[in-house]
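Shown next, in structure tokens, is the structure this report addresses.
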Amino acid sequence: MSRLALTRYSRCCLSRLLKPLTPPLFYSSAASNRDDGCQTGPPPIRVGLTEPAGRAVFATRRISAGDLIHTAKPVVACPSLVSLDSVCYLCLKKLMGSEKVQDRGVSYCSQECQENSKGFVDVETRADWSSFVDCCRTHNFKYPLMVKRLSCMIISGALPADCLDILQPAALSSAMISKIEDGYGLLWNAFRKADFKDEDVAFLTKQWYTAILARIRINAFRIDLVGGSCGEDLLSLAAASVECEGAVGHAVYMLPSFYNHDCDPNAHIIWLRNADARLSTLRDVEEGEELRICYIDASMRYEARQTILSQGFGFLCNCLRCQSGD
């Protein structure tokens, strides 16, 4: 997701990028031009390397404005603390009254989500997370909650410990690392007090925790649900997502994380009902053209955009819009 210089990182991962990823790392990513939103084939894109942006996504054919490029399911998704009682614990769909399926203190939108969560929830409910969650709530931390869920998924066998290694990590300051280490201690203690076996948590080192947070920091998407149905105009939904207050949590994806940033993007990522992402074009895209999304609120002024991108993502944008000072 970042446009950080990837010279060193991209060389070591190039061979992995060119090979198909095995499930569950590369969740469904398929194109669709049917009115019912059903997947009809592979997405019309390829992942390549550029200088200095590193990985990038390119169109393999002409794509018309408003077309759905592909969909993607998250590798890991996690509700925000304020949304725990109002969204599905797994897919982040907003819960409506009788839709709730409750189990062990959390709610789901369906029995399917409840069943698919069973593995990591069995792990999670063995430990006392009060100190860890209180720390996250006090400091307004959101990404350590994703690491907690990912750790439980790894222990349950749902994911391997290196499932996010292919993603670009953020550069962390010494102050950030110090805060990260505090969170690591609370996470580790919760597992140890729950008497997990050494082999179960062998992956959970301070180095692993720091590396995972560094990747989640710049690859996690904030999930803003815009509602509606799959038949609605995606361009209208794209505009609505900028204005809505629908944030329900965060999620990390594979293919969507390879899209680079542009303050005047030709593509957009939206969420209709849950954490399943839909990437669509905002204007006509020609074969071979790079597809880019905007990581931030594109309506902000030039100075504000550059500040947020520099502090949050580690780069200064040099897109055509920024070159003009707009």
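Summary of computed values
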read-out	value
Where a residue in the range 184-195 is of a type in the set (Gly, Ala, Ser) and its partner, wherever it lies, is in a helix (DSSP H, G or I) and surrounded by fewer than 19 Cβ atoms within 10 Å (Cβ to Cβ), with Cβ under 8 Å and at least six apart	Ala190/Ser131
Residue that is farthest from the chain's Cα centre (by Cα), among those in the range 184-228 that are small (Gly, Ala, Ser) and open to solvent by less than 50 Å² (accessible area, probe 1.4 Å)	Ala194
Residue that is nearest to Lys93 (Cα to Cα) [pool: residues in the range 299-326 that are without any contact (Cβ under 8 Å) to a residue 12 or more places away in the chain and aliphatic (A, V, I, L, M)]	Met300
Boolean, Ile296 is part of a helix (DSSP H, G or I) and free of Cβ contacts under 8 Å to residues at least 40 places away in the same chain	no
Subset of the range 171-204 [out of contact with any Cys (no Cβ under 9 Å at 6 or more places or on another chain) and among the small types (Gly, Ala, Ser)]	Ala171, Ser173, Ser174, Ala175, Ser178, Gly185, Ala190, Ala194, Ala202
Candidates Ser173, Ser178, Ser156, Ser151, filtered to the one that is of a type in the set (Ser, Thr, Tyr), open to solvent by 30 Å² or more (accessible area, probe 1.4 Å) and either at pLDDT 95 or above or in contact with a Gly (Cβ under 8 Å, 6 or more places away or on another chain) (or both)	Ser156
Some residue of the range 62-71 being β-branched (Val, Ile, Thr) and modelled with pLDDT under 95	no
Any hit, the range 65-82, residues being assigned to a loop (DSSP other than H, G, I, E, B), open to solvent by 30 Å² or more (accessible area, probe 1.4 Å), among the basic types (Lys, Arg) and touching a residue at least 24 places away in the same chain (Cβ under 8 Å)	yes
Filtered residue count, the range 107-129, keeping only those that are open to solvent by 30 Å² or more (accessible area, probe 1.4 Å) and among the β-branched types (Val, Ile, Thr)	1
Total residues in the range 125-147, condition without any contact (Cβ under 8 Å) to a residue 60 or more places away in the chain and closer than 19 Å to Val82 by Cα	12
Residue list for the range 32-55, filter: of a type in the set (A, V, I, L, M, F, W, C) and either touching a Leu at 6+ places or on another chain (Cβ under 7 Å) or modelled with pLDDT of 95 or more (or both)	Ile45, Val47, Leu49
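The values are calculated or read from the model by the stated rules, or taken from the named source; none is laboratory data. Being a predicted model, the structure only gives us computed values, none of them experimental. So basically every Cβ, Gly included, is an ideal-geometry build from the backbone, and we count neighbours across all protein chains shown. All accessible areas refer to the heavy atoms of the entire protein, side chains included, with ligands and DNA or RNA removed. Shrake-Rupley method; radii C 1.70, N 1.55, O 1.52, S 1.80 Å.
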